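What follows is a single structure, written as structure tokens, with notes after it.
The values are calculated or read from the model by the stated rules, or taken from the named source; none is laboratory data. Owing to the predicted nature of the structure, the values given are computational and were not obtained by experimental measurement. Ideal geometry is used to build each Cβ from the backbone, glycine not excepted, and the neighbour counts take in all protein chains shown.
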């Protein structure tokens, strides 16, 4: 059976934080493999949904697949870039550094 979008997004967000689902469960005080209940179409309670969206700093709509973008809550633009960067995998971070370096060289003549 295919994984639910909710579960796929939990895995993606965990991976982007460099954590396993078991680490997330432990930090939130959930039972071991408690998040595996959402692998299929089981849905979380409203309380758990809010806890997970707060933990990952995304909207509940993003977790359910109603929004395609991370919706960073409670952060100004200065902090948003850092949060987005931390959520990238290593390859994406390296690519972002190359893009930023080229921008600094060509657009701002800094380096």
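Figures for the structure shown
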{"quantity": "Those residues of segment 1-33 which are under 16 Å from residue 48 (Cα atoms), modelled with pLDDT of 90 or more and in a loop (DSSP other than H, G, I, E, B), in sequence order", "calculated": "29, 30, 31, 32"}
{"quantity": "Residue pairs meeting the criteria (Cβ under 7 Å; at least 6 apart or on separate chains; first more than 12 Å from residue 15 (Cβ to Cβ), in segment 80-94; second in a loop (DSSP other than H, G, I, E, B) and modelled with pLDDT of 70 or more)", "calculated": "83/57"}
{"quantity": "Within segment 43-60, considering residues that are without any contact (Cβ under 8 Å) to a residue 24 or more places away in the chain and in a loop (DSSP other than H, G, I, E, B), the one farthest from residue 92 (Cα to Cα)", "calculated": "45"}
{"quantity": "Residue among 80, 59, 53, 67 that alone is at pLDDT below 90 and surrounded by 16 or more Cβ atoms within 10 Å (Cβ to Cβ)", "calculated": "59"}
